[in-house]
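The structure appears right after this line, and notes come after that.
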Amino acid sequence: TAEEVRAALASLEAEVPGIRLEVVVDESRFIRQAIAGVRQAVFLGGVLALLVLLVFLRRPRVLLAVAVAVPLSLALALVGFELAGLSFNLISLSGLALGVGMLVDNAIVVTENIARLREQGRPALEAAREGTAEVAAAITASTLTTLAVFGPLAFVEGLAGRLFRDQALAVVFALLASLVVALAVVPVLAGRDARPGRVRPPGGGRWLAAYERLLRWGLRRRGRVVLLAALLLAVAAAVAWRLPRQVVPRSDQGRLTMHVAAPPGVDLPQLARWVAPLEAAARRTPGVAHVLADLGERDEARLDLDPRPPYEGTLTVVTAEDAPVEAVRTALAAAPVPPALAVEVRPERTQLETLLAPGEAELWLDLHADRRDEAEQAADAVLARLRQAPALANVRRAFAREVPAYALHFRRDQLARFGLPASRLAEILTAAARGVEATALQRVSEDIPIRLRLPEATSLQALLQTEIPTGEG
């Protein structure tokens, strides 16, 4: 776990004097904050639901019955979690938070019907039995209709299924548990409410009187009510059409990434000298807590789906707890940059965002040209046209990357001597330079091809040393 890793880091600091280890990237922070927020929402939702019942019903024992029903239903729902193999995660806990408000519905219906019979003078046992039997079919049908909405989400394939399965199952288990509690536990508690023959005025008398006046007004003006409902529907449809659409909402992770790129051929020491002033400026920026520089090619032991050239690097900027990330991003974007460097500053994405939307944007356009100035001119022209499109938002240009290109010309007389077709030689050299697609890594929304490439074929000199099999061996 993240706590064990932190403990190991502290132990290393104690064993090796003179070193200081700082945690720069900690995805567990996002996970802990998200789960803690959902747990708090579940708790506050239950408390607020009970307060609303207290205001409108004003029956302490009814409130007690409902207060017992909510945690008991959640406890039974956790049994379903265990049977279905669910874990406490952001999605499943959001399902419980969604179901908390619905957990009290069945208990309220049963409790109020039993209280009504008790106020009519029925004995406690008879009122509990008959009151529950009268509404059992109604609350069962109401619960099943809600389950009919959420249940199928657990069996949807693809991205939607993986995203909503835990949430749908959490709602299903919570509602089924609330139905069991409402039919088995609530009657025992609610049957002791209100002594026989004692009629209590409803707590929401003023609200009920106001609702009756509004209802009479609506019944006398049915045409206006229908017209108003149609108008509200049209407004809601117009607003829904204009709402932005995205897979997951952007979240503030407290981290920014500065992607730097130097001209091809620049070695690591020169790249480090150019990046040093930029790193120092980032450290001096208000709101910045730590800066981590990662330059050049990454360690060979690390799996990179998109290998980085040796003349590029990243600066990971960690902001302070109370620092607004957007303000820090603006300040970093305005920092002076060495002329030879191209820099792009963007917020760091969470693992959830990367999993559900692997691309940095919904739409990418790649422009290729022989010279960098031509590519930049073409990019500016395309960017100006795209920004005029009303359906596009946050249109921006990434930095241009210069890639060296070599043209290889074969000596066909030598190829004929060894009986090697030019097409076969081109295939061998392409496989040595770019690798061979061996398989694919399956992710939620796409399959990423996995290429095998010889480590020694990373330069032109190494490529020319590639062994070419011929008919003679």
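Here the range 106-185 is described by how far its Cα atoms reach on the three principal axes: 57, 17, 13 Å, from widest to narrowest.
Counting 0.36 nm for each residue step from Leu415 to Leu227 and taking away their Cα separation leaves a gain of 59.4 nm.
Using the Cβ-Cβ distance between Thr1 and Glu22 with R0 set to 25 Å, the FRET efficiency works out to roughly 0.85.
For the range 103-110, putting each phi into the Karplus relation 6.51 cos²θ - 1.76 cosθ + 1.60 with θ = phi - 60° gives couplings of 5, 7, 4, 4, 5, 5, 4, 5 Hz, in residue order, rounded to whole numbers and with x for Gly and Pro.
Taking amide hydrogens as placed 1.01 Å from N in the peptide plane, the amide H of Ile450 sits under 5 Å from those of Ala438, Thr439, Ala440, Leu441, each at least 5 positions away in sequence or on another chain.
Modelled label positions at Thr257 and Arg213, each set 7 Å beyond Cα in the direction of Cβ, lie 6.0 nm from each other.
In terms of surrounding Cβ atoms within a 10 Å radius of their Cβ, Thr257, Thr470 rank from fewest to most as Thr470, Thr257.
Overall shape of the range 255-347 was characterised from the C-alpha gyration tensor. The equivalent ellipsoid obtained from it has semi-axes of 23, 16, 10 Å, in decreasing order.
Set the Förster radius R0 to 25 Å, insert the Cβ-Cβ distance between Val79 and Leu147 as r into 1/(1 + (r/R0)^6), and round the FRET efficiency to 0.05. So the FRET efficiency works out to roughly 0.90. Between Ala8 and Arg434, what is the FRET efficiency for a Förster distance of 22 Å, r being their Cβ-Cβ separation, to the nearest 0.05? Efficiency at R0 = 22 Å is approximately 0.05.
Stretching Ala333 away from Val239 to a fully extended chain increases their span by 30.4 nm, per 0.36 nm per residue minus the current alpha-carbon distance. Taking only the C-alpha atoms of the range 204-243, Rg followed by Dmax gives 14.3, 41 Å. Karplus-derived 3J(HN,Hα) values for the range 206-218, using 6.51 cos²θ - 1.76 cosθ + 1.60 with θ = phi - 60°, are 5, 5, 5, 5, 5, 5, 5, 5, 5, 5, 4, 4, x Hz; glycine and proline are entered as x. Counting 0.36 nm for each residue step from Leu392 to Arg39 and taking away their Cα separation leaves a gain of 123.4 nm. Counting every other Cβ atom within 10 Å of each residue's Cβ, Thr430, Thr132, Thr111 order from fewest to most as Thr430, Thr132, Thr111. Place a point 7 Å from Cα of Ala289 in the direction of its Cβ. Which residues in the range 317-337 have their backbone N less than 19 Å from it? Within reach of a label on Ala289, which here means backbone N under 19 Å from a point 7 Å along Cα→Cβ, the range 317-337 contributes 317-332.
In this structure, the amide hydrogen of Arg255, modeled 1.01 Å from its nitrogen in the peptide plane, lies closer than 5 angstrom to those of Thr319, Glu348, counting only residues at least 5 positions away or on a different chain.
We did not get these values from a lab; they are worked out from the coordinates using the rules stated. Model, not experiment: these values are computed from the prediction. Note: ideal-geometry Cβ built from the backbone for every residue, glycine included; neighbour counts use all protein chains shown.
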